[in-house]
Amino acid sequence: MAGHFRGTSSQVGKAFPNSPQFSGFMKPCRFEGDLKFLEVEGDLPEELDGTFYRVMPDPQFVPFIENDPWFNGDGNISAFRFSKGNVHLQQKYVRTEKFLKERDAQRALGGKYRNKYTDAVEFKVRTTANTNIFYFNNVLLAIKEDAPPFAMDPITLDTIGLCDFNGQLPSLTFTAHPKLDPVSRELVCFGYEAKGDGTPDVCYYNIDSDGKFTEVVWLVAPVVGMIHDFAVTENWWFKAPNAFPGHTTNAYETSEGQIVFDLPLTDKNVFFWWPDANGNAPSPHDIQAKYVRFTLDPRASDLDLPTPEVILERDMEFPRIDDRVSMKRHHHSFFDMMDPELGTDFAAIAPVLGGGHPLYNSLGHLNHQTGQLEVYFPGKTHMVQEPVFVPRSDTAPEGDGFLMALVNNYRTMSSELHILDTRNFSTARAIVKLNIRLRAGLHGNWVDAKEFTSH
Ligand SMILES: [Fe+2]
């Protein structure tokens, strides 16, 4: 059987290569299990009653493809469950078709990132489900934008199966960044390359809180390109100048009828390892995003976005808001920042840093009304992953609550979950010690415990 596979057994090692994406802190973790009553330094807020889910690309087997991006790995879900001043960790892989076939074959079968022609066998759906983990209509959706999501049980993390929403999903793909309307509880989604690899078709769809599709709109993009994230207001869409928007913060319509849209933006190709058609690629050191705001009149005849205003001249990404104000005016946002001036000891961590993934050494909180920036610096040998915001209570004002983010500690080579109280942002209120290492993840979300009982 092995002889029919691409990549002969002599090519497929049992140890990961010594390349940046598989070295140091980026070594695959491949851990599943439970850690109960994690060690906590400081004061874990009793108000935290729910689960922080996040996903990391974590290859189950040594690849037969050389030097693919760090995020070509199987989706492995972390669930940090908070209750009564304690926190527990559960870790489990999504049982995708690829994961199960590879486990059966006891070797890697999936090929290059988003290139099915390099696979060792044919998959019906080759997704790794490794980009976002999102709770909707009683299930967790493990999502990568090249396929429908995989549904998982939010309590056990058991994989239920590929989710086509009871046959309603019209697109072959599903965005990794769906937006939940906090008022209507509708999920606003799209898929690009929606009729298959390389197709210009974009499918936009809304799903109501019971899982019923309420609107489907087919569009054709002028070029086939990655459409990783989007922002939603009540009524509009627009054309933007050429740039590399990674993630969006939020967008909203003002009472004067204008649209405000905040996001980190860079003019460089963030995926520097994939050069353009002429072979040009930026040096990773030159890629920096600024935090910008587009303000536009949707009724203007020219639907091209105007030049944005720079609202923060810092290298930042992974912006988050208090999700209760999604699609409405936000006064606060939280994000990862890289500021070498804060004192990171790059010489000390360089040998164990690994590579390929984005590096941010601090968390920021921007008050959009006052322009004030608060910064949390976790330490000289630390990098931060994407944060999530948790309101202090249902009735707490916007931005009043807790920010949590996984932190890579390169001195101990283990992960920590840092929990900040937004009333005292610059000092951690609690640091949860995992005593294991979780490599770079992509996205995560908080699900309040009452969500599991309210349906
Ligand atoms: Fe993303």
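A few remarks follow.
- Accessible surface ranking for Arg411, Arg126, 1.4 angstrom probe, highest first: Arg411, Arg126.
- Summing charges over all other residues whose Cβ lies under 12 Å from the Cβ of Phe213, with Lys and Arg as +1 and Asp and Glu as -1, gives -4.
- P(r), alpha carbons of the range 129-453 - 20 Å bins starting at zero, rounded %: 29, 62, 9
- Taking 16 Å as the cut-off, the amide N atoms of the range 64-90 that come nearer than this to a point 7 Å along the Cα-to-beta-carbon line of Ser19 belong to 64-74.
- Restricting the range 167-222 to trypsin sites (Lys or Arg not before Pro) that sit in a DSSP loop and have at most 15 other Cβ atoms within 10 Å of their own Cβ leaves Arg185, Lys212.
- Total formal charge among the other residues, if their Cβ is under 12 angstrom from that of Asn166, Lys/Arg +1 and Asp/Glu -1: -1
- Other residues lying with their Cβ under 12 Å from the Cβ of Pro340 contribute a combined charge of -2, Lys and Arg counting +1, Asp and Glu -1.
- Listed residue pairs exceeding 21 Å between alpha carbons, taken from Lys27/Lys92; Lys36/Lys101; Lys101/Lys124; Lys14/Lys124: Lys36/Lys101; Lys14/Lys124
- The convex hull built on the alpha-carbon positions of the range 1-131 has an orientation-averaged projected area of 9.3 nm².
- With a simple spin-label model that places each label point 7 Å from the Cα along the Cα-to-Cβ direction, the separation between Glu256 and Lys116 comes to 5.0 nm.
- Rg/Rg_ref, the range 88-181, where Rg_ref = 2.2 N^0.38 Å and atoms are Cα: 1.10
- Stretch in the chain that is longest and holds no GluC sites (Glu not before Pro) that DSSP places in a loop and that have at most 14 other beta carbons within 10 Å: 314-455
The values are calculated or read from the model by the stated rules, or taken from the named source; none is laboratory data. Being a predicted model, the structure only gives us computed values, none of them experimental. Note that each Cβ is placed from the backbone with ideal geometry, even for glycine, and that neighbours are counted across all protein chains shown. For accessibility, only protein heavy atoms count, side chains too; no ligands or nucleic acids. Shrake-Rupley method; radii C 1.70, N 1.55, O 1.52, S 1.80 Å.
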